[in-house]
Amino acid sequence: MEPSRRVSTALERLPFTNTALKKLPVDDSEEPGVSRAVPAACFSRIRSLQPLVRPTLVALSQPALALLDLSARDVWSDPAGPEYLSGSTPLPGSEPAAHCYSGHQFGLFAGQLGDGAVMYLGEVETGTHGRWEIQVKGAGVTPYSRDGDGRKVLRSSIREFLCSEAMAALGIPSTRAASLVTSDLYVSRDPLNSGRRIPERCSAVLRLAPSFIRFGSFEIFLGGDDFSGLRGPSAGRYDIRAQLLDYVIETFHPCIQKTHSNRKVRNLAFFREVMMRTAKLVAQWQCVGFCHGVLNTDNMSILGLTLDYGPFGFMDRFDPDFICNTSDKRGRYSYQAQPSVCRWNLARLAEALGSELDAANAATALDEFMPTYEAFYLSIMRKKLGLVRKEEPEDSELISDLLRLMHNTGADFTNTFRLLSRVPWPEEGDSEKAAVGPVVDLVLEQCASIEELKVSNEPTMENRELAMILSMAQTNPVMFGMVADRPAVSLQLERMGRLKELLQTDQEELQKKQRDDWIRWVSRYRRRLARECDDTSDLSLIEKERLVVMNSTNPNVVLRNYIAQNAILAAEKGDFSEVNRVLKVLNKPYSDTFGLESLDGSHACEEKALNGRELAYNKKPPVWAQSICVT
């Protein structure tokens, strides 16, 4: 009698195709996990896996799993699930590999980079949701690990897991995170960059995307950089560059491939598509107050996805100079710099594509980036204000004045836009102050106090450098005028001017001025709302449409730093219920039922939701929660 065969699980039946490895050159070296230069290849095979010690599945994203036609029940019930999802055991049909890419980091070409802690498993083709590349982040050393150990720790894994799904729920293109696995393997890390290393638990995230190819994937073909002297590992191999470009266009832009028979015309159409997607992506980031933190060319998706979640941050109080990365001393990747940095990165992509593009046409496409970005940005911001029927030239000024007011008063970015849906529609004969007063009071309740504004406006320049500039203002006005025009210096002078004003006032006087300023802006906003309606319009229909658009564009919740940190602290004690509860909330970002933020400006979180318990957080985030998380 034949022994009964074990029925394969849903994970084991994933239909792998692994198209990238079939169509692109692969490094087949037998050297196991040795950091080395990898020429003439887009991928390197990983011959031996590096299992985690007792991997444990702790969280799943059902929406991400559904992209692979999997259910959470399928995965939770699989006894080998943690082994598969952590890269400790190969999934049937997978072909473990690591992707080779280069990149410009903080403006400088860094030579070969590559997947130093990520293992490509392959692509899965589903009948329902198309083609998805699967990766494990934190799976161990690859040829691209340099001096790293190829591991990711629990805190950074939780942040990527939660934010990937939060961004997707906000409707912002993103790589996805399907699962979170932890283990009993520990590595040494310095989480605060303080010089004090501590043992941290290794974890792994299963990531999904149509492709993880990035701008830096094309930079492996660059020759010697004039400044750094570094070269791409496949410098001069333009035959492979053409192969990679053909693969990307044929696979992800079949319409472009079919429409254009001329190669350079086709490639330009592709470059314009990348430009457009990038412009739209960064516009969406700006409109929810998201700061990526490390917009190097190796972190820029060729498909316009939010890629590689490191020291990201959602702004609490609006600040155009918001920086979420402690390593970014000069503010290269600040919130307001993101659009211009994305354009700079596109210019590096054009350089990497080289003769595949006509230089003049590529330059013209680059010149279209900022107008394209601004059009996307203005379109979304109009929706955030409920301006859905008309587009007026003055709308741009209305929006910029709102942001300036939010900055000056320390208003919470997410909560302020959510509150503006409560501004009543203007009615003939109503008292302006009486009509808008209650909403303005709610906005003011979550604005910064005078002491908080003083702290936020303190100059960040070193005292000696600042004293030198101020002395120059007295002794050499001409030289001072030249120096003061520099963005970094003018920012410091603006801070000093605001700080001086704050030192000459008190809380009561400040609140009165803030209230008057907000009433003026809201009154102006109501006048603009009134122009949405003409004599033939159905006013009730317009009012309803306005609220629907605003409440579906302005999230009720974003992944604030302290919320992620609370989940991390609980998880580090072995309690992953908070990670799973926060994930459920983030999957409903526009719902009034599930909310983590408060409207009282104190970041309190008291919401009876999910399992009947109150989801309660500190009334004010402790210092560690307000600070930047280093990952």
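Each residue in the range 443-456 was checked for being outside any loop (DSSP other than H, G, I, E, B), modelled with pLDDT of 90 or more and buried (at least 18 other Cβ atoms within 10 Å of the Cβ), and 1 pass.
Inspection of the range 309-317 identifies no residue that is open to solvent by less than 10 Å² (accessible area, probe 1.4 Å), modelled with pLDDT of 95 or more and over 14 Å from the mean Cα position of the chain (by Cα).
Within the range 189-217, the residues that satisfy the criterion of being of a type in the set (A, V, I, L, M) and touching a residue at least 12 places away in the same chain (Cβ under 8 Å) are 192, 204, 205, 206, 208, 209, 213. Of the residues making up the range 331-367, just one is open to solvent by 20 Å² or more (accessible area, probe 1.4 Å), assigned to a loop (DSSP other than H, G, I, E, B), over 23 Å from residue 113 (Cα atoms) and in contact (Cβ under 8 Å) with a residue 24 or more places away in the chain, namely 358.
Yes/no per residue for (1) touching a His at 6+ places or on another chain (Cβ under 7 Å); (2) not in a helix (DSSP H, G or I); (3) not hydrophobic (A, V, I, L, M, F, W, C):
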site: 402; (1), (2), (3): no, no, no
site: 407; (1), (2), (3): no, no, yes
site: 420; (1), (2), (3): no, no, no
site: 425; (1), (2), (3): no, yes, no
site: 429; (1), (2), (3): no, yes, yes
site: 435; (1), (2), (3): no, no, no
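Based on what the data block shows, is residue 131 more than 30 Å from residue 591 (Cβ to Cβ) and either in contact (Cβ under 8 Å) with a residue 12 or more places away in the chain or assigned to a helix (DSSP H, G or I) (or both)? Answer is yes for this residue.
Considering only residues of the range 48-76 that are in contact (Cβ under 8 Å) with a residue 40 or more places away in the chain and either of a type in the set (Ser, Thr, Tyr) or within 30 Å of residue 222 (Cα to Cα) (or both), which is surrounded by the most Cβ atoms within 10 Å (Cβ to Cβ)?
Of everything passing the filter in the range 48-76, 61 is surrounded by the most Cβ atoms within 10 Å (Cβ to Cβ).
Within the range 437-460, residues that are touching a residue at least 60 places away in the same chain (Cβ under 8 Å) and among the small types (Gly, Ala, Ser) reach partners that are open to solvent by 10 Å² or more (accessible area, probe 1.4 Å) and assigned to a helix (DSSP H, G or I) with beta carbons closer than 8 Å, at six or more positions or on different chains, in the pairs 437/519; 448/456. When the residues of the range 497-518 are filtered to those that are more than 17 Å from residue 443 (Cβ to Cβ) and open to solvent by less than 50 Å² (accessible area, probe 1.4 Å), the one that is modelled with the highest pLDDT is 505.
Contact annotation: residue pairs with Cβ atoms under 8 Å, 6 or more positions apart or on different chains, pairing a residue in the range 530-552 that is farther than 28 Å from residue 171 by Cα and touching a residue at least 24 places away in the same chain (Cβ under 8 Å) with a partner that is among the β-branched types (Val, Ile, Thr) and buried (at least 16 other Cβ atoms within 10 Å of the Cβ), are 533/542.
Evaluated against (1) over 30 Å from the mean Cα position of the chain (by Cα); (2) assigned to a helix (DSSP H, G or I), residue 65 falls short on exactly one condition, (1). When the range 289-298 is filtered for residues that are part of a loop (DSSP other than H, G, I, E, B) and over 23 Å from residue 170 (Cα atoms), only 296 remains. Residue 387: within 30 Å of residue 544 (Cα to Cα), in a loop (DSSP other than H, G, I, E, B), open to solvent by less than 20 Å² (accessible area, probe 1.4 Å) and touching a residue at least 60 places away in the same chain (Cβ under 8 Å), yes or no? Yes.
Are any residues in the range 393-405 open to solvent by 30 Å² or more (accessible area, probe 1.4 Å) and either in contact (Cβ under 8 Å) with a residue 12 or more places away in the chain or of a type in the set (Phe, Trp, Tyr) (or both), and if so, which ones? 394, 396, 401, listed by residue number.
Residues in the range 184-216 that are in contact with a Gly (Cβ under 9 Å, 6 or more places away or on another chain) and among the polar types (S, T, N, Q): how many? Give the steps one after another, and end with the answer.
Our first condition is that a residue be in contact with a Gly (Cβ under 9 Å, 6 or more places away or on another chain); within the range 184-216, this holds for 202-206, 210, 214-216.
Add one more test, that the residue is among the polar types (S, T, N, Q), and what stays is 203.
Counting residues in the range 184-216 that are in contact with a Gly (Cβ under 9 Å, 6 or more places away or on another chain) and among the polar types (S, T, N, Q) gives 1.
In the range 457-482, the residue that is surrounded by the most Cβ atoms within 10 Å (Cβ to Cβ) out of those that are part of a loop (DSSP other than H, G, I, E, B) and of a type in the set (D, E, K, R) is 458. Inside the range 78-105, can you point out the residues that are part of a loop (DSSP other than H, G, I, E, B), touching a residue at least 60 places away in the same chain (Cβ under 8 Å) and hydroxyl-bearing (Ser, Thr, Tyr)? Within the range 78-105, 86, 94, 101 qualify.
If I filter the range 134-158 down to residues being among the charged types (D, E, K, R), touching a residue at least 60 places away in the same chain (Cβ under 8 Å) and surrounded by fewer than 24 Cβ atoms within 10 Å (Cβ to Cβ), which single residue comes out as nearest to residue 310 (Cα to Cα)? So the residue we want is 155.
The values are calculated or read from the model by the stated rules, or taken from the named source; none is laboratory data. These numbers come from a predicted model, not from an experiment. Here the Cβ is made from the backbone with ideal geometry for all residues, glycine too, and neighbour counts use every protein chain on show. We work out accessible area using only protein heavy atoms, side chains counted, and drop any ligands, DNA or RNA first. Shrake-Rupley method; radii C 1.70, N 1.55, O 1.52, S 1.80 Å.
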